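Novice: My questions all concern the structure below.
The values are calculated or read from the model by the stated rules, or taken from the named source; none is laboratory data. This one's a predicted model, so the numbers in the text were calculated from it and none came from an experiment. Cβ placement follows ideal geometry from the backbone for every residue including glycine, while neighbour counts extend to all protein chains displayed. Side chains are part of the model used for accessible areas, which takes the heavy atoms of the whole protein and leaves out ligands, DNA and RNA. Shrake-Rupley method; radii C 1.70, N 1.55, O 1.52, S 1.80 Å.
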Amino acid sequence: MTYPERKTEHVRPQQFHETVGVEDWRVVGEGACAYFRAGSFAAGAEFLQAISEIPGVGDDHPDVDVRREGVTVRLITVTDDYYGLTERHVELARKISAVARALGIPADPSAVQTVQVTIDALAGPDVVAFWRALLGYQDRANSGEDLMDPRRRGAPFYFQQMDAPRPQRNRVHVDVWVPYDQAEIRIAAALAAGGRLVSDADAPSNWVLADPEGNEACVGVAGPPRTATDRP
């Protein structure tokens, strides 16, 4: 049997969010992710089995994390330009959501996020080598600046090149990627808990916050859909 050629045209995060049929999904730091509230491990396992039976699903290597409360599905496809998303990932996301609906498993788009540790470094390769050895991590494909847990459980590490020492600020911070429609909620909660806004110069894609002692964290958003006033 022959199959039609698979679609590989790149899709930016904003285009992904504007596509019909992927309302369950959000693009965060790892690519397109969705969380489904299965309610039990048995229901989650049944969902995983149904996903595994989608024709061609193995070609895209989705990560499926089954827990007692629910199931997280990640289409891990991060690259510099497009997060690696293509039309075939849009199709797969639609099919996975259809399987969930058939099994009566609701999606909760607000429950996805990516947590990443970022280290500012002067001697990048030397610093990367240390953390690679200490953590037992591997280089992310097509990147000399990212390290990933080969078991896909620990937070990825990103190394940001500095031009000069910066002793007055912390050089290790946490990046939290959240769904585009959860950023303001998460930021408001952090501020109410005693944090402060350091910078919103890159909003609505990135905000820099700090805890009461000045330790910084960034809140990132990937490609929110355009509003009616933004559309051409």
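Novice: What is the angle, in °, between the Cα long axis of helix 124-135 and the longest principal axis of the Cα atoms in the chain? Nearest 10 is fine, range 0 to 90.
Specialist: Rounded to the nearest ten degrees, it is 60.
Novice: State, to one decimal in nm, how far the label point of Leu197 lies from the label point of Asp60, with both points 7 Å from Cα in the Cβ direction.
Specialist: In this crude label model, Leu197 to Asp60 measures out at 3.7 nm.
Novice: Restricting to Cα pairs below 8 Å that are 6+ residues apart, what does the relative contact order work out to for the stretch 10-108? Please round to a whole percent.
Specialist: Taking the mean separation of contacting Cα pairs over the length of the stretch 10-108, I get 38 percent.
Novice: Let me ask something else about it. Sorting check: for 170-178, 157-165, which peptide has the highest mean count of neighbouring beta carbons within 10 Å, and how do the rest follow?
Specialist: Highest-to-lowest ranking by the protection proxy: 170-178, 157-165.
Novice: Mind listing the phi-derived Karplus ³J(HN,Hα) values for the stretch 104-119, rounded to whole Hz, using 6.51, -1.76 and 1.60 with θ = phi - 60°, and x for any glycine or proline?
Specialist: x, 9, x, 8, 10, x, 6, 8, 9, 6, 10, 10, 10, 9, 10, 10
Novice: What spacing in nm lies between the two simple spin-label points modelled at Ala141 and Arg153, each 7 Å away from Cα in the Cβ direction?
Specialist: For the pair Ala141/Arg153, the computed spacing is 2.3 nm.
Novice: Also: How many percent of the accessible area of the stretch 4-51 is carbon or sulfur, using a 1.4 Å probe?
Specialist: With neighbouring chains kept in place, the figure for the stretch 4-51 is 51 percent.
Novice: Which of the three applies to the stretch 96-232, rounded, prolate or oblate, going by the alpha-carbon gyration tensor with a ≥ b ≥ c and a/c under 1.5 meaning rounded?
Specialist: Taking the square roots of the gyration eigenvalues as a ≥ b ≥ c, the stretch 96-232 is oblate.
Novice: Farthest toward the dipole's positive end in the chain, which of Thr86, Ala222, Ala42, given Cβ charges of +1 (Lys, Arg) and -1 (Asp, Glu) about the Cα centre?
Specialist: Positive-most Cα among the choices belongs to Ala42.
Novice: Hey, if you drop one equal point scatterer on each alpha-carbon of the chain and run the Debye formula without solvent, what base-10 log of I(q)/I(0) do you get at q = 0.10, 0.17, 0.18 Å⁻¹?
Specialist: Taken in order of the listed q values, log10 I(q)/I(0) reads -0.53, -1.35, -1.43.
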